[in-house]
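Worksheet for the structure shown next.
The values are calculated or read from the model by the stated rules, or taken from the named source; none is laboratory data. If you're wondering where the values come from, they're calculated on a predicted model, not measured in any experiment. Cβ sites come from the backbone with ideal geometry, for glycine too, and all protein chains shown count toward neighbours.
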Amino acid sequence: MKRYILNMLLLPGVIFLLASCEGFLDTKPTDSVVAETAMKTLYDANVAVNGLYVDMKYQDYYGTNMQLMGDQRGDNIQPRVMSTGWVQIYTLGYESESSSYFEIWSKCYQTIMRCNTLIANLDNLQVTSSGDVAKKNDFLGQAYAVRALVYFDLARLYGYPYLKDNGASLGAVLITTLTTPAESKQPRSTVAETYARVLDDLQTALPLLSKAKNTGHFNYWAAKLLQARVFLYKGDWNNAYTAAVEVINDSPYVLASRDQYINYWKEEGTLETILELFVNAQSGIDADGGYVSYWHNLWHGSPSAGASLIPTVSWINLIQSDPNDIRAQFVRTDSQYDATKAWFNKFPGNGGVNFRYNNPKLLRLSEAYLIAAEGALKGSAGAGVASGYLNTIRKRANPNVADVVATDDLIQIERRKEFIGEGHRFFDQMRLGKPITRLDGDGHNFAQSAGCPGTVDWSYFKVVLPISHTQRKFYPQLQQNPGYTE
């Protein structure tokens, strides 16, 4: 399967070639597109909008790496053996002198460049009818919302958690206009400045976006839920609660019921999915049909699925502590292949037909409930309100569990159960200053023996990624994160 593929977004009269060369800003057409002539019609704009999501689907972004950064650096998912399964991510075994790390930095800026180009061109696209104005506004809102998500991800990956130092650590390089690579060779902003950019982009996007379902794209509700998530990470509890509750009360989405929950993961654009990235055999991601390695390496009833990633013993013990929890059905065994390990079967592929084609589900209504619970508990709404949202998710999994009074520990436990495989766990623990523990004596974990501390928290320098040697070679303005070799 190809790790890195050039993408071209074709528009009448101009080619949007946005492939990384050697440095992350050596992309086109940030300095070569003529905004007045690049986009003539709403059809052109629609093609460009679809292109915003292309780079996000690849293995080096939401196709694989973002999920691994959340689950495999956490205590949910791990390699089955030391020889395969992204061991370097699991053990935090990265050093700054490597030529590149996972390509996330470059892939993020390719997407940002697409957003900036589209925003500049849309400003010059003249439309008159009310319907066309609404379409143009929605396209513009999507560009701002996608850019917000990407900058938020850069802050999460390369910057320390906001609450560690009120966002004083290094964040992203903030580029919001069409500019030449030379002009864009800027120092990194702070995490606080990156968050401000994210929230400003979302505030711009929200009144522009349609409220109609548009599952493969950002709509108003996806941007609002992302806003709630950003407020949560920032510790702005009341605003996180308010944004999440708006999604719960006013959006057209509903929670999958307990009876629907297992099959829900086979379905595209249904029930509680607010934003997912559509992947299929026609999406052009990979000619050999092997779209994504993350889900390929989870168990799907056959060792041919890859068989290199498994759930941790601690997650299995947690979920099986209530055998009537519907999510316990994701734990399977395969006596013909390796009866000593339990396997994870949450993602069976679109339609349950081909495990290679799983749509990454980025934003779900379940998250709105658990953000509302945490925001209410830590904000002014209080524990009583928080308990209602928490118990809704708990009882969806098992209607017979008793109601509980919400605590932060109970909310984080529920998030760990609900979002396994979706890339949340490590970021959840880090944003709250809580530890991640993977001890060799805990079942089949081996992070310690591979050189990783058994327990890490936000004080350990490797909880943030380094700026790679390749990027700093071409852009010495990029400050390295503390602890890594300059």
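Taking GLY85, is it assigned to a loop (DSSP other than H, G, I, E, B), in contact with a strand residue (DSSP E or B) (Cβ under 9 Å, 6 or more places away or on another chain) and either under 30 Å from ASN317 (Cβ atoms) or of a type outside the set (D, E, K, R) (or both)?
yes
Restricting to segment 80-104, count the residues that are modelled with pLDDT of 85 or more and either crowded, with 24+ Cβ neighbours inside 10 Å or assigned by TED's automatic domain parsing to the domain that holds ALA328 (or both).
Residues meeting the conditions: 1.
Anything in segment 56-92 that is over 26 Å from PHE278 (Cβ atoms) and of a type in the set (Ser, Thr, Tyr)? List them, or say none.
Within segment 56-92, SER83, THR84, TYR90, THR91 meet the criteria.
For residues that are in contact with a Gly (Cβ under 8 Å, 6 or more places away or on another chain) and of a type in the set (Val, Ile, Thr), scanning just segment 425-473, find the one that is farthest from VAL191 (Cα to Cα).
Restricting to residues being in contact with a Gly (Cβ under 8 Å, 6 or more places away or on another chain) and of a type in the set (Val, Ile, Thr), the top hit is THR437.
Pick from segment 429-464 the residues that are of a type in the set (Val, Ile, Thr) and more than 21 Å from the chain's Cα centre (by Cα): which of them is surrounded by the fewest Cβ atoms within 10 Å (Cβ to Cβ)?
Here the answer is THR455.
Sort through ALA172, ALA155, ALA148, ALA196 and tell me the only one that's without any contact (Cβ under 8 Å) to a residue 12 or more places away in the chain and closer than 25 Å to GLN429 by Cα.
None of the others qualify; the one that does is ALA196.
Answer yes if at least one residue in segment 91-99 is of a type in the set (Val, Ile, Thr), out of contact with any Asp or Glu (no Cβ under 6 Å at 6 or more places or on another chain) and under 30 Å from THR437 (Cβ atoms), and no otherwise.
Scanning segment 91-99, I find at least one residue that is of a type in the set (Val, Ile, Thr), out of contact with any Asp or Glu (no Cβ under 6 Å at 6 or more places or on another chain) and under 30 Å from THR437 (Cβ atoms), so the answer is yes.
Residue by residue, here is whether (1) among the hydroxyl-bearing types (Ser, Thr, Tyr); (2) outside any loop (DSSP other than H, G, I, E, B); (3) surrounded by fewer than 24 Cβ atoms within 10 Å (Cβ to Cβ) holds:
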{"site": "GLY51", "(1), (2), (3)": "no, yes, yes"}
{"site": "ASP60", "(1), (2), (3)": "no, no, yes"}
{"site": "THR128", "(1), (2), (3)": "yes, no, yes"}
{"site": "ALA134", "(1), (2), (3)": "no, yes, yes"}
{"site": "ASN137", "(1), (2), (3)": "no, yes, yes"}
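Take the conditions touching a strand residue (DSSP E or B) at 6+ places or on another chain (Cβ under 8 Å), surrounded by fewer than 22 Cβ atoms within 10 Å (Cβ to Cβ) and within 25 Å of ILE467 (Cα to Cα) and apply them to ALA196. Does it pass?
Criteria not met by ALA196.
Out of (1) within 30 Å of VAL331 (Cα to Cα); (2) in a helix (DSSP H, G or I); (3) not acidic (Asp, Glu), what's the single condition that is false for LEU255?
Looking at each condition in turn, LEU255 falls short on (2).
Among the residues that make up segment 232-244, is at least one of them of a type in the set (Lys, Arg) and either in contact with a helix residue (DSSP H, G or I) (Cβ under 8 Å, 6 or more places away or on another chain) or under 30 Å from ASN359 (Cα atoms) (or both)?
yes
List the helices (runs of 4 or more DSSP H) that sit entirely inside segment 380-486 and contain at least 2 residues that are basic (Lys, Arg) and closer than 30 Å to PRO360 by Cβ.
Of the helices (runs of 4 or more DSSP H) lying wholly inside segment 380-486, those with at least 2 residues that are basic (Lys, Arg) and closer than 30 Å to PRO360 by Cβ span 383-397, 408-418, 425-431.
For segment 233-249, enumerate the residues that are in contact with a Lys or Arg (Cβ under 7 Å, 6 or more places away or on another chain) and of a type in the set (A, V, I, L, M, F, W, C).
Within segment 233-249, TRP237, ALA243, VAL247 qualify.
Show the residue pairs that are 6+ apart or on different chains and have beta-carbon atoms under 9 Å apart, the first residue being within segment 111-128 and free of Cβ contacts under 8 Å to residues at least 60 places away in the same chain, the second being among the small types (Gly, Ala, Ser).
ILE119/ALA143
Taking the options GLY379, GLY351, GLY375, name whichever one is surrounded by fewer than 21 Cβ atoms within 10 Å (Cβ to Cβ), among the small types (Gly, Ala, Ser) and farther than 23 Å from GLN260 by Cα.
Criteria check complete, one pass: GLY379.
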